[in-house]
Amino acid sequence: MAAKKLFLLPGDGIGPEAMAEVKKLIAVMNKAGAGFETDEGLVGGSAYDAHGQAISEADMEKALAADAVLFGAVGGPKWDAVPYEVRPEAGLLRLRKDLELFANLRPAICYPALAASSSLKQEVIEGLDILIVRELTGGVYFGEPKQIIDLGNGQKRGIDTQVYDTFEIERIAGVAFELARTRNNHVTSMEKRNVMKSGVLWNEVVTATHKAKYSDVKLDHMLADAGGMQLVRWPKQFDVIVCDNLFGDMLSDVAAMLTGSLGMLPSASLGAPDAKTGKRKALYEPVHGSAPDIAGKGIANPIAMIASFAMCLRYSFNMVVEADRLEKAISAVLDEGYRTGDIMSEGMKQVGTAEMGDAIMAKYRAA
Ligand code: NAD
Ligand code: IPM
Ligand code: MN
């Protein structure tokens with residue numbers, strides 16, 4: 001059996017703390033014969049400190065050669081003043097762009113044990129299971145021009161450019177429709193066609209893609225601002241939401257809070273299947289950032305990172321049994337009352353990052 005090459009990029013802040021819990025799981029799975037081969041690199045502020053770059057060329061090559069990249073988080077106040085081109089976040093953006101990871105899957109699932117502790121009413125989020133499909137390599141994140149120009153009159157102008165071509169919208173819509181067919185067969189496309197030309201095109205192309213290939217799937221369109229409101233009002237009306245890079249960034253943070261905490265939400269970033277092998281390049285990362293306010297304290301919630309690894313098992317290695325087992329282990333540990341600080345509520349058992357990771361690992365082994 002060919003080795004399964006995992007490249008680990010723990011990053012900054014709570015990234016390495018959460019990644020440590022995944023490393024324990026990899027070791028357990030390898031003992032049982034999973035055959036993961038791991039290597040580790042630097043990204044973000046830690047890479048900047050070592051090489052003056054947010055990711056080195058050598059680590060980029062390793063990321064390109066791996067079957068899957070596991071990514072922690074980047075950023076923090078220490079690097080607030082570094083040049084824009086080499087800021088920690090640039091490392092993540094380069095990985096997404098150079099690996100062509102255009103499809104970012106951000107599921108938001110409400111675990112039964114947490115239904116009562118959301119900031120929203122229990123009936124609003126109980127049983128919630130939605131999937132945000134975010135376009136990840138286009139839009140305002142990468143469009144040119146992107147610059148600050150000096151107007152010479154004491155004024156400056158900051159410019160970002162939202163650009164989408166037909167093929168980019170078609171391929172992300174295709175991913176959303178395909179995934180909807182494996183779920184509740186319903187896609188909601190969100191844009192702002194009322195003010196943005198790229199929104200008009202987005203709407204047209206999603207509609208045409210639907211008509212041509214996916215008319216069995218129910219399709220709705222919503223303006224993205226109203227979509228944000230609906231996500232908080234009655235999120236269970238959604239199954240799959242498809243949107244551009246920036247709207248997807250914002251809406252997925254909102255969706256994360258529906259489930260209790262940013263510390264709960266995993267993600268998978270996938271490229272197109274290789275024409276010969278059918279394999280997709282992939283990077284798995286929690287939706288949360290480096291959480292500088294709690295970094296170094298051993299209290300971060302590792303569930304988003306562990307659930308991202310479960311997505312890696314499922315999407316990159318087709319280890320469906322192990323992925324299910326790991327997701328069930330997370331749910332069972334929550335049922336038993338284990339809580340990190342971010343999801344703590346009265347009467348529950350407050351634990352740190354390592355204790356939460358250990359409890360999930362113990363459940364996984366026992367299953
Ligand atoms: P953040 O996600 O790091 O933190 C927001 C809030 O959520 C904080 O109060 C934090 O303590 C809490 N939180 C996040 N993850 C948690 C976890 N696992 N357990 C418990 N609590 C958790 O967002 P921010 O503060 O806006 O950004 C901090 C830095 O992270 C910035 O430099 C930003 O650019 C970067 N960032 C990186 C990524 C990434 O690496 N993918 C994502 C988002 C933000
Ligand atoms: C995310 C993050 C990133 C983004 C940043 C860190 C570049 O917020 O993954 O959601 O904006 O995409
Ligand atoms: Mn974000």
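Among residues belonging to region 259-277 that are away from ligand 2 (no atom under 15 Å from the Cβ) and within 30 Å of residue 204 (Cβ to Cβ), point out the one that is farthest from the chain's Cα centre (by Cα).
This residue is 275.
Which fully enclosed helices (runs of 4 or more DSSP H) of region 265-367 have 2 or more residues being aliphatic (A, V, I, L, M) and farther than 30 Å from residue 174 by Cβ?
Filter on region 265-367 gives 320-335, 353-366.
Out of region 41-53, which residues are loosely packed, with under 15 Cβ neighbours inside 10 Å and outside any helix (DSSP H, G or I)? Can you show your working first?
Of region 41-53, the ones loosely packed, with under 15 Cβ neighbours inside 10 Å are 49-50, 52.
Within region 41-53, 52 is the sole residue that qualifies.
Look at residue 213 and say whether it is of a type in the set (Lys, Arg) and either closer than 29 Å to residue 142 by Cα or assigned by TED's automatic domain parsing to the domain that holds residue 313 (or both).
Spelling it out, residue 213 is indeed of a type in the set (Lys, Arg) and either closer than 29 Å to residue 142 by Cα or assigned by TED's automatic domain parsing to the domain that holds residue 313 (or both).
Those residues that are of a type in the set (D, E, K, R) and near ligand 1 (Cβ under 9 Å from one of its atoms), I need them from region 244-285; list them, please.
If the condition is that a residue be of a type in the set (D, E, K, R) and near ligand 1 (Cβ under 9 Å from one of its atoms), then 249, 253, 285 are the ones that fit.
Residue 82 fails exactly one of the following numbered conditions: (1) within 12 Å of ligand 1 (Cβ to nearest atom); (2) under 25 Å from residue 263 (Cβ atoms). What is the number of that condition?
Unmet for residue 82, out of (1) within 12 Å of ligand 1 (Cβ to nearest atom); (2) under 25 Å from residue 263 (Cβ atoms): (2).
Out of 270, 223, 201, which single residue is touching a Lys or Arg at 6+ places or on another chain (Cβ under 8 Å), surrounded by fewer than 19 Cβ atoms within 10 Å (Cβ to Cβ) and modelled with pLDDT of 95 or more?
223
Residues checked against (1) exposed (fewer than 14 other Cβ atoms within 10 Å of the Cβ); (2) at pLDDT 95 or above:
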{"position": "209", "(1), (2)": "no, yes"}
{"position": "215", "(1), (2)": "yes, yes"}
{"position": "236", "(1), (2)": "no, yes"}
{"position": "242", "(1), (2)": "no, yes"}
{"position": "266", "(1), (2)": "no, yes"}
{"position": "275", "(1), (2)": "yes, no"}
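Just to be sure, is residue 293 touching a Ser or Thr at 6+ places or on another chain (Cβ under 6 Å) and either modelled with pLDDT under 95 or within 16 Å of ligand 1 (Cβ to nearest atom) (or both)?
no
The values are calculated or read from the model by the stated rules, or taken from the named source; none is laboratory data. As the structure is a computational prediction, the values presented were derived from the model and not from experiment. So basically every Cβ, Gly included, is an ideal-geometry build from the backbone, and we count neighbours across all protein chains shown.
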